[in-house]
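Each remark here refers to the structure printed beneath this line.
The values are calculated or read from the model by the stated rules, or taken from the named source; none is laboratory data. Everything numeric in this text was worked out from a predicted model, so none of it was measured. So basically every Cβ, Gly included, is an ideal-geometry build from the backbone, and we count neighbours across all protein chains shown.
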Amino acid sequence: MSGSKEDSRRASSDWRDFFWNPRTHELLGRTGTSWGLVLLFYLIFYLFLAGLFALTMYILLLTLDDYKPTWQDQLDTPGMMIRPKGDQLEIRFSVSDPESWNGFVQNLNSFLTSYNDSHQVQLNDACSPDQYFIQEDSGEVRNNPKRSCQFNRTMLGDCSGMEDRFYGYSKAQPCILIKLNRVIGMLPGKDGQSPYVTCGAKKEDREKMGPLIYFPVNATFNLMYYPYYGNKAQVNYTQPLVAVKFLNASLNTDINVECKVTSNTLMAGSERDKFAGRVSFKLRIDGQEDQ
């Protein structure tokens, strides 16, 4: 029994001596000098790592351009998107229920605010159509900020929200706006031929879609809106739009619609990338069929 107590006291004494040994002045088995050398080593080591990181970041930042990405993916064809934004690219509403389509109307109103004619005339230029609006830099002297061409809201005709503030949703003739995603430096056409949009229903829904009308009438993304120089260099840039209006779509049924861009320089989208140069969405208009 006494042996056990002695062993316990010896173990406790050994632990205390390991933590602090008053005879050798060691803390956790090291003298003050030893601890100082360890701390100095780690201080130098981490200062070196911090300096190496700072140097690497500095060299990296020297390669970056504030106005244009140093490296840019080579996109064969940019993606497309629609407005208004529906739930998972689905535009569904009931003609007789304003609450079901009021959100779409508000979305379009908000989106088109920057396209108001007064806003465009104040900030952007009236450019010559069917030719690129190229604004080159002069050597190391940047031609910034770069100007942009006007895209006036009235160019969207019946889908501008000016004549019909409900964009056709109250009459079962909804408007859908289509835009081509921005790609810095992209030239989407040649020989004065602008890319244009066409929309159609999937094979099983062709008879349901009915006639369409486009705004602008030629359904083009005019060349004068290209090339795009980036948000910082071209602060007032306004993306060109194409509006498609469904004049007599079948009611109470799903219609799978696909819109795509056609260009003499952009490659057609492939089955591997279903968002290249096209956008698909579902349209459903609920209402009372004519008797």
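Numbers below:
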| quantity | calculated |
| --- | --- |
| Selection status of residue 196, buried (at least 20 other Cβ atoms within 10 Å of the Cβ) and of a type outside the set (A, V, I, L, M) | no |
| Tally, over the range 137-171, of residues that are outside any loop (DSSP other than H, G, I, E, B), among the polar types (S, T, N, Q) and surrounded by fewer than 17 Cβ atoms within 10 Å (Cβ to Cβ) | 2 |
| Scope the range 209-222; condition over 10 Å from residue 243 (Cβ atoms), surrounded by 20 or more Cβ atoms within 10 Å (Cβ to Cβ) and either touching a Lys or Arg at 6+ places or on another chain (Cβ under 8 Å) or not aliphatic (A, V, I, L, M) (or both); matching residues | 220, 221, 222 |
| Pairs with Cβ under 6 Å, 6+ apart, first in the range 76-99 and among the aliphatic types (A, V, I, L, M), second not in a strand (DSSP E or B) | 95/172; 95/287 |
| Selected residue (only one of 176, 134 is assigned to a loop (DSSP other than H, G, I, E, B), among the β-branched types (Val, Ile, Thr) and either farther than 30 Å from residue 275 by Cα or out of contact with any Asp or Glu (no Cβ under 7 Å at 6 or more places or on another chain) (or both)) | 134 |
| Looking only at the range 55-71, and only at residues there that are among the aromatic types (Phe, Trp, Tyr) and closer than 22 Å to residue 185 by Cα, the one that is surrounded by the fewest Cβ atoms within 10 Å (Cβ to Cβ) | 71 |
| Residue within the range 79-93 that is among the β-branched types (Val, Ile, Thr) and more than 30 Å from residue 252 (Cβ to Cβ) present | no |
| Failed condition for residue 130, given (1) over 23 Å from residue 67 (Cα atoms); (2) free of Cβ contacts under 8 Å to residues at least 12 places away in the same chain; (3) surrounded by fewer than 15 Cβ atoms within 10 Å (Cβ to Cβ) | (2) |
| The range 185-200: number of residues that are among the basic types (Lys, Arg) and either at positive phi or part of a strand (DSSP E or B) (or both) | 0 |
| Failed item in (1) assigned to a loop (DSSP other than H, G, I, E, B); (2) modelled with pLDDT of 95 or more, with residue 182 passing the rest | (2) |
| Selection from the range 182-193 of residues that are surrounded by fewer than 16 Cβ atoms within 10 Å (Cβ to Cβ) and of a type outside the set (D, E, K, R) | 184, 185, 187, 192, 193 |
| Residue check for residue 56: part of a helix (DSSP H, G or I), of a type in the set (Ser, Thr, Tyr) and outside the structural domain of residue 253 (by TED's automatic domain parsing) | yes |
| Boolean, residue 125 is under 21 Å from residue 224 (Cβ atoms) and either outside the structural domain of residue 222 (by TED's automatic domain parsing) or surrounded by fewer than 15 Cβ atoms within 10 Å (Cβ to Cβ) (or both) | yes |
